[in-house]
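Single-structure report; data block below.
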Amino acid sequence: MLITLLKNMPFKSTLSLVLFSLISYQSHAETNQVAIIIDDMGYRYTDKHALTLPGDITYAFLPHTTYGKKLAILANNDNHDVLIHIPMESKNREKLGPGALTSAMDEDAFKKSLTKSFAEIPFAIGINNHMGSYLTQLYQPMAWTMDFLKQHELLFLDSKTSPHSKAKQAALDYGVPVKSRHVFLDNELTDEYISQQFKQLIAIAQKHQTAIAIAHPHPETMAALNKLIPTLALHGIELVPLSHLYPNSSASIVTAVSE
């Protein structure tokens, strides 16, 4: 049909159509992509305001929290990617919430804990670590975690709370789709800081084609992101669900996790 259309068009029109198609294809092919994950969802009722952010935001919910399951269902119903934000042991031994993984646990305890977390939010496509600056440096606990994720066709995002994390290596060894966070957007809750970190996110995406940012459902963060997210398009950057950055992931077809 396209060939017939081209035959019946004047030469200039045909040339214009071809050039437009090439430009459109090149523009699409060169589109850089970012994923933004909002962590720490579930403890506060006000976390619901994060669900109104524009675009394909990914949400990470702490397990067994007061509002986690309810808000996760809302996010999933709106076709957002959902992660379970698993608390993991930190260097300074900060207090961990329910569903936490620690170095004192054995493999059976790890897998039972993860199973309970996924029983609450069974549509989650994977996990990322909450804290974990100590635990992620230990290969064996990460190997147990990745074995569980592999069995259930889930993905892992390393929040990268330690530069010495062994999570990525364990994931690769077990064949689990894995990515790492590039930028924390809101370590400081000022508009100036968040804007500067957002510029860094854009720069990384433009240099490497993809970038991943983590933020939190603070009012200051929400106000800044509502202004900043629409500017991505001005830089030729597309906001995508996290799973879109895992081209070989089967996480969109999640195996049910049962007790």
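The values are calculated or read from the model by the stated rules, or taken from the named source; none is laboratory data. Predicted, not measured: the structure shown is a model, and the values here were computed from it. Here Cβ is always computed from backbone atoms with ideal geometry, including for glycine, and neighbour counts include all displayed protein chains.
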**Message:** Within region 123-150, take every residue that is surrounded by fewer than 22 Cβ atoms within 10 Å (Cβ to Cβ) and either of a type in the set (G, A, S) or within 17 Å of the chain's Cα centre (by Cα) (or both) and give me the one that is nearest to D173 (Cα to Cα).
**Reply:** A143
**Message:** Need pairs with beta-carbon distance below 9 Å; first residue within 23 Å of L201 (Cβ to Cβ) and within region 170-182, second among the basic types (K, R) and buried (at least 18 other Cβ atoms within 10 Å of the Cβ); sequence gap 6+ or separate chains.
**Reply:** V178/K168; K179/K168; S180/K160; S180/K168; R181/K160; H182/K160
**Asked** What do you reckon, is K70 without any contact (Cβ under 8 Å) to a residue 24 or more places away in the chain and more than 18 Å from T221 (Cβ to Cβ)?
**Response** yes
**Item:** Residue count for region 173-189, restricted to those that are farther than 18 Å from I229 by Cα and hydrophobic (A, V, I, L, M, F, W, C)
**Value:** 2
**Asked** Does L74 qualify as being of a type in the set (A, V, I, L, M), buried (at least 24 other Cβ atoms within 10 Å of the Cβ) and not in a loop (DSSP other than H, G, I, E, B)?
**Response** no
**Prompt:** Looking at region 156-166, is at least one residue closer than 20 Å to Y59 by Cβ, of a type in the set (A, V, I, L, M, F, W, C) and buried (at least 22 other Cβ atoms within 10 Å of the Cβ)?
**Reply:** yes
**Prompt:** In this structure, does A211 turn out to be assigned to a helix (DSSP H, G or I), hydrophobic (A, V, I, L, M, F, W, C) and either touching a helix residue (DSSP H, G or I) at 6+ places or on another chain (Cβ under 9 Å) or at pLDDT 95 or above (or both)?
**Reply:** no
**Message:** Restricting to region 171-189, count the residues that are out of contact with any Phe, Trp or Tyr (no Cβ under 6 Å at 6 or more places or on another chain) and assigned to a helix (DSSP H, G or I).
**Reply:** 3
**Request:** Considering only region 79-110, state which residues are of a type in the set (A, V, I, L, M, F, W, C) and over 18 Å from P217 (Cβ atoms).
**Result:** M88, L96, A100, L101, A104, M105, A109, F110
**Item:** Within region 91-118, considering residues that are modelled with pLDDT of 95 or more, of a type in the set (S, T, N, Q) and over 21 Å from the mean Cα position of the chain (by Cα), the one surrounded by the fewest Cβ atoms within 10 Å (Cβ to Cβ)
**Value:** S103
**Message:** Contact list please: Cβ distance under 6 Å, first residue in region 30-52 and loosely packed, with under 15 Cβ neighbours inside 10 Å, second residue in a strand (DSSP E or B), pairs at least six apart or on different chains.
**Reply:** T31/E238
**Complete:** Checked region 150-169 for anything in contact with a Phe, Trp or Tyr (Cβ under 6 Å, 6 or more places away or on another chain) and in a helix (DSSP H, G or I); matches are K150
**Asked** Of all residues in region 77-90, how many are without any contact (Cβ under 8 Å) to a residue 60 or more places away in the chain and either surrounded by 17 or more Cβ atoms within 10 Å (Cβ to Cβ) or in contact with a strand residue (DSSP E or B) (Cβ under 7 Å, 6 or more places away or on another chain) (or both)?
**Response** 7
